[in-house]
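S.K.: Quick one: the structure is below, questions incoming.
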Amino acid sequence: MKFYAQLYTMKSHRQIKAYIRKRNFFPIIALVILSAIYGCNNTNSSKIVSEEATPGQKLSKTKVVTTFLPVYLFTKAVTKDVAEVDILVKPGTEVHEYQGTPANIKAIATANVVIKNGLGLEEFLSDTIKNAGNSQLIEIDISKGIEPINKISPIDKPVKGEHDHEHTFGNPHIWLDPVLAKQQIINIRDCLIIADPGNKANYQTNAATYIQKLDNLNNEFQQTMKKTPNCTFITFHDAFPYLAKRYNLKQVAVVEIPEKQLSPTDVQKVVNTVKKYKTKAVFSEPGLDNKLLTSISQDLQLTVRTLDSLETGDTNPEYYFQAMKTNLESLASGCK
Ligand SMILES: [Zn+2]
């Protein structure tokens, strides 16, 4: 176990590779070690490598299956057209309580790689993978290296009911923090390079371009949100604790898992929360029926605005930046 311990303390890909070279590990063993470290797992190590094509040889594209929208957007940003990328939970379908379908099983059965957000969000996936019986599959968890937030503070505990759902692995909404999104891009890039080394240069270039945009987005958030430190806002989906933490804001989620329609209880919680904390803003989500909330928001002297958790939306990788910039505008005007 000693060399694993040493490997885990090494910071960079290069350091680890140099160490593996020095120790004279066989390439396959080295790849398995690299895979384990970067969150890429598969049961058949000999299939990890899809070797570079010899001149004149045309290899078919690596088939990558992603779980839901943010994972699809990030993967597509890294692959562009060099890999075939599919999505299991189609936009418009709720991911939190999703059940795998026969079409999902079929997609995984013929895939080379499956990529998930992780942190317990894709509860349907392990059974779906099992049913697909694809022993060659490489599984990538892109929450690797990210420290989860287990409880947001403060949270108004949801009433026990069908939507009650414990995040046993921590809160999964890491993609809504541009800095953590960057780590997710790095995880995708490094695992795809291991799975499909022939396209290494493409993955590196594409990831670098997207990371640059994420850096710019982070700067924009920092510049704007530093004007309203500690702004406390209410949401109806416990999706923004990472974003709040990053930019020194406070999220109070009165509902944990998104609902189609707000109940009188939810709205009562808003009233209580506004009384309890100095709340600046209330954020609904696109597609949420919040008539009840709108009707009482005047009494509360709050304007209801929208924050997008990006669990559904457009499949163009640029959509992430569009939606996040709209979120920034919403937060800035809500917190003013
Ligand atoms: Zn969510």
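S.K.: Could you identify the single residue in Leu262, Leu243 that is touching a Leu at 6+ places or on another chain (Cβ under 7 Å) and within 30 Å of Val64 (Cβ to Cβ)?
M.R.: Selected residue: Leu243, the only one of Leu262, Leu243 that is touching a Leu at 6+ places or on another chain (Cβ under 7 Å) and within 30 Å of Val64 (Cβ to Cβ).
S.K.: Check Lys260, Lys275, Lys269 and return the single one that is crowded, with 19+ Cβ neighbours inside 10 Å and among the basic types (Lys, Arg). Walk me through it before giving the result.
M.R.: Numbers: Lys260 fails: crowded, with 19+ Cβ neighbours inside 10 Å; Lys275 fails: crowded, with 19+ Cβ neighbours inside 10 Å.
Testing whether each residue is crowded, with 19+ Cβ neighbours inside 10 Å and among the basic types (Lys, Arg) leaves just Lys269.
S.K.: Residues to consider are Leu293, Leu328; find the one that is assigned to a helix (DSSP H, G or I) and under 20 Å from the mean Cα position of the chain (by Cα). Walk me through it before giving the result.
M.R.: Details: Leu293 fails: under 20 Å from the mean Cα position of the chain (by Cα).
So the residue among Leu293, Leu328 that is assigned to a helix (DSSP H, G or I) and under 20 Å from the mean Cα position of the chain (by Cα) is Leu328.
S.K.: What pairs come out if I take residues in the range 95-113 that are more than 16 Å from the ligand (Cβ to nearest atom) and pair them with residues that are modelled with pLDDT of 95 or more and of a type in the set (Lys, Arg) whose C-beta lies under 9 Å away, six or more apart or interchain?
M.R.: Between residues of the range 95-113 that are more than 16 Å from the ligand (Cβ to nearest atom) and residues that are modelled with pLDDT of 95 or more and of a type in the set (Lys, Arg), the close pairs are Ala107/Lys63; Thr110/Lys63; Ala111/Lys63; Asn112/Lys63; Val113/Lys63.
S.K.: Might you check whether a residue that is more than 16 Å from the ligand (Cβ to nearest atom), at pLDDT below 90 and not acidic (Asp, Glu) occurs anywhere in the range 305-324? Can you show your working first?
M.R.: Step one: list which residues in the range 305-324 are more than 16 Å from the ligand (Cβ to nearest atom), which gives 305, 314-319, 321-322.
With the extra rule that they be at pLDDT below 90, the set shrinks to none.
No, the range 305-324 contains no residue that is more than 16 Å from the ligand (Cβ to nearest atom), at pLDDT below 90 and not acidic (Asp, Glu).
S.K.: Right, another one. Is there any pair linking a residue in the range 305-323 that is part of a loop (DSSP other than H, G, I, E, B) to one that is acidic (Asp, Glu) and surrounded by 14 or more Cβ atoms within 10 Å (Cβ to Cβ), with Cβ under 8 Å and at least six apart or on different chains, and which?
M.R.: Sorted first by the residue in the range 305-323, then by its partner, the pairs are Leu307/Glu285; Asp308/Glu285; Ser309/Glu285; Glu311/Glu94.
S.K.: What single numbered condition from (1) closer than 30 Å to Lys80 by Cβ; (2) modelled with pLDDT of 95 or more fails to hold for Gly287?
M.R.: (2)
Okay, residues lined up against (1) under 18 Å from Leu176 (Cα atoms); (2) out of contact with any Cys (no Cβ under 8 Å at 6 or more places or on another chain); (3) not polar (S, T, N, Q):
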position	(1), (2), (3)
Phe236	yes, yes, yes
Ala239	yes, yes, yes
Tyr242	yes, yes, yes
Leu249	yes, no, yes
Asp266	no, yes, yes
Tyr277	no, yes, yes
Ser295	no, yes, no
Leu302	no, yes, yes
Tyr319	yes, yes, yes
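S.K.: Can you name the residue in the range 180-189 that is closer than 13 Å to Arg246 by Cβ and within 16 Å of the ligand (Cβ to nearest atom) and is also farthest from the chain's Cα centre (by Cα) among such residues? Don't jump to the end; show me each part of the working.
M.R.: Taking the range 180-189 as the starting set, the residues that turn out to be closer than 13 Å to Arg246 by Cβ are 180-183.
Of the ones still in play, those that are also within 16 Å of the ligand (Cβ to nearest atom) are 180-181.
Values: Leu180: 9, Ala181: 7 Å.
Only one residue tops the list, namely Leu180.
The values are calculated or read from the model by the stated rules, or taken from the named source; none is laboratory data. Since the model is a prediction, treat every value here as computed from it, not as a measurement. All Cβ positions, even for glycine, are placed from backbone atoms using ideal geometry, and neighbour counts span all protein chains on display.
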